[in-house]
Amino acid sequence: MDIALWIIQIILGIKLITVSYTHGFRQAQPTMQEAIQKMGNFSQPLHYVIAACTFFGTMGLILPGVLELPTWITPVTAVILSIMLLFSIFFHTRYRDIPKIFVSLVLFALAAFVAYGRWALIP
């Protein structure tokens, strides 16, 4: 089970790093500009906050196991990321980004499983 959790954490980490990069550094891309237009004035600062949170969340998923930091960091980070992904589902539903809703649901399920797995199955 430990190996399965590590694989899920790495997959989740890779995807969240791409989210961080896209929301933080690629806001000039046409698809991001479209999203910013839909969301209004608060969108650009929100995208920077999302980028920072996903970056630090990814570090919280991976680094505690690699650097032998306290093990409670990983499940707490996974819970915080799960909550953040629930907000992502809400926003994508509100702005009718159907494919992104599905991606957020899958990422939420993975983050929730990591939280449960690292808290209850293999602390």
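The values are calculated or read from the model by the stated rules, or taken from the named source; none is laboratory data. These numbers come from a predicted model, not from an experiment. Ideal geometry is used to build each Cβ from the backbone, glycine not excepted, and the neighbour counts take in all protein chains shown. What goes into the accessible areas is simple: the full protein's heavy atoms, side chains included, and nothing from ligands, DNA or RNA. Shrake-Rupley method; radii C 1.70, N 1.55, O 1.52, S 1.80 Å.
At-a-glance table
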read-out: Inter-probe distance in nm under a simple model that places probes 7 Å from Cα toward Cβ, at Leu105 and Leu86; value: 1.7 nm
read-out: Candidates Ala112, Ala52, Ala35: whichever shows maximal mean-square fluctuation once the chain is modelled as a Gaussian network with Cα springs under 10 Å; value: Ala35
read-out: Segment 46-123, accessible area per residue, ligands and nucleic acids excluded (1.4 Å, Å²); value: 59 Å²
read-out: Residue with peak Gaussian network fluctuation, the chain [Cα springs, cutoff 10 Å], from Thr18, Thr77, Thr54; value: Thr18
read-out: Taking the chain and dividing mean pair separation by its residue count, relative contact order in percent (alpha carbons under 8 Å, at least six apart); value: 29 percent
read-out: Percent accessible area from carbon and sulfur atoms, segment 1-97, protein chains only, probe 1.4 Å; value: 71 percent
read-out: MRE, 222 nm, helices only [DSSP H, n ≥ 4, -39500 (n - 2.57), over the chain, to nearest 500]; value: -27500 deg cm²/dmol
read-out: Among Ala111, Ile11, Ile89 - extreme Cα towards positive end, dipole of the chain, charges at beta-carbon; value: Ile89
read-out: For the chain, built as a Gaussian network whose Cα springs stay under 10 Å, the top-fluctuating residue of Pro64, Pro30, Pro45; value: Pro30
read-out: Segment 55-123: relative contact order as a whole-number percent, Cα under 8 Å and 6+ apart; value: 34 percent
read-out: In order through segment 9-23: 3J(HN,Hα) via Karplus (6.51 cos²θ - 1.76 cosθ + 1.60), integer Hz, x for Gly, Pro; value: 4, 5, 4, 4, x, 4, 5, 5, 5, 5, 5, 4, 5, 5, 6
read-out: In Hz, Karplus ³J(HN,Hα) per residue of segment 92-106 (6.51, -1.76, 1.60; θ = phi - 60°; x = Gly, Pro); value: 5, 5, 4, 9, 6, 9, 4, x, 6, 5, 4, 4, 5, 5, 5
